[in-house]
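Written below as structure tokens is the structure these notes are about.
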Amino acid sequence: MSELTTRRSDPRLVRRLGEGASSEVWLAEDASGTSVALKVARGEGYSARLAEEAQRLLLADSPYLAGVVDAGRLLRAVPTPDGGTLARGTAWVALEWIAGAPLRPEAVAASDRVGLAFVVARDVGAALADLHACGTAHGDVKPANVVVTGSGAAARARLIDLGLAEDVEAPVPRGGTLRYLAPEVVTSPGTGDAAARDLWALGVTLVEVASAAAASAERPWERL
């Protein structure tokens, strides 16, 4: 059962990291003070999706993804730093906390662009290879879901947030960010597959990192 709840205590929330339609993500600490990214379902109807995300991460077991630390349900209502409350019984997944910064292509220095593009290609490409090998596509590859740690030769990139993950052969995406969706999603709905869509999205991300003009363009893949 849950390390954070039944063996110690409910996690202590530190600050909100982000939110989506199905979940919220908080920086949290367990009883030992270990930082985790705590992803909590926004309602019981999203608990199964959260469990699916954890299962896909466990199957991939990739060093290029945020690993699963624990999962469970809150034993009691937990107050949030912004004055709200997470209800007792809320489903959660604790993920490895990656102390880096989200990738922001528009903010990359000109001298760092090519080197960082190679880092993202290497590490996010490896993350996708690990996911695809176990039958999972990420479903929402984009700079906001890439966390960069270190700099220069020590820079590393990790792919996060499998909230829209799907089977690699899925012909129709669960969702995604329009800027990074493959053209066939709009021009030929129901064709292609999720693995190919992941690779297209990675390609768009790399173009943005490599080129300042592409990062600010409406259609970045046309600015090579």
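The values are calculated or read from the model by the stated rules, or taken from the named source; none is laboratory data. Predicted, not measured: the structure shown is a model, and the values here were computed from it. Here the Cβ is made from the backbone with ideal geometry for all residues, glycine too, and neighbour counts use every protein chain on show. Heads up: the accessible areas ignore ligands, DNA and RNA and are worked out on the full protein's heavy atoms, side chains in. Shrake-Rupley method; radii C 1.70, N 1.55, O 1.52, S 1.80 Å.
Brief remarks follow.
- Taking region 135-224 and the helices (runs of 4 or more DSSP H) fully enclosed by it, the elements with 2 or more residues that are under 17 Å from the mean Cα position of the chain (by Cα) and in contact (Cβ under 8 Å) with a residue 12 or more places away in the chain are at 194-210.
- Single residue of region 73-121 satisfying the filter (assigned to a strand (DSSP E or B) and in contact with a helix residue (DSSP H, G or I) (Cβ under 9 Å, 6 or more places away or on another chain)) that is surrounded by the fewest Cβ atoms within 10 Å (Cβ to Cβ): 102
- Hey, residue 184 surrounded by fewer than 14 Cβ atoms within 10 Å (Cβ to Cβ) and modelled with pLDDT under 95 or not: no
- Across region 116-143, the number of residues qualifying as out of contact with any Ser or Thr (no Cβ under 8 Å at 6 or more places or on another chain) and under 16 Å from residue 100 (Cβ atoms) comes to 4.
- Some residue of region 64-72 being farther than 23 Å from residue 217 by Cα, aromatic (Phe, Trp, Tyr), open to solvent by 40 Å² or more (accessible area, probe 1.4 Å) and in contact with a strand residue (DSSP E or B) (Cβ under 7 Å, 6 or more places away or on another chain): yes
- Hits in region 187-200 - residues which are farther than 28 Å from residue 216 by Cβ and either charged (D, E, K, R) or surrounded by fewer than 18 Cβ atoms within 10 Å (Cβ to Cβ) (or both): 188, 189, 190, 191, 193
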